[in-house]
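All remarks here apply to the structure that follows.
Nothing in this text is a laboratory measurement; each read-out follows from the coordinates by a stated rule. Just so we're clear, the structure is a prediction, and the values are computed from it rather than from any experiment. For neighbour counting, all protein chains shown are included, and Cβ atoms are generated from backbone atoms with ideal geometry for every residue, glycine included.
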């Protein structure tokens, strides 16, 4: 198992997601935080899925949020666990 600063990698990722979610929560007042072209509500939704499922990586959650924010319908991913909610996830270029 990979560790970072003595903590299991998945534990550190969960903690990071928790803190980012707190910053994006509309109940918190952090107007200085911008998502640069991403819808905050969609990013928050993606990170909550990442946190609760334990299957979706932080990076995949942000890719999912970027695709949804941009209005994309198709995403290409080799990861079988990539979240498909609202997207057509394709595994190869022919597909």
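At-a-glance table
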item	result
Length-normalised contact order of region 3-90 in % [C-alpha pairs under 8 Å, at least 6 apart]	21
Residue 55-residue 41 pseudo-label distance in nm [points 7 Å out on the Cα-to-Cβ vector]	2.6
Gyration tensor verdict on region 3-90 (Cα atoms; rounded if a/c is under 1.5, prolate if a/b is larger than b/c, oblate otherwise)	oblate
Additional length obtainable on full extension of the chain from residue 81 to residue 34, 0.36 nm per residue less Cα span	14.1 nm
Extended-chain gain in nm, criterion 0.36 nm per residue less alpha-carbon gap, residue 94 and residue 18	23.7 nm
Exposure proxy ranking, count of Cβ atoms within 10 Å, fewest first, for 33, 42	33, 42
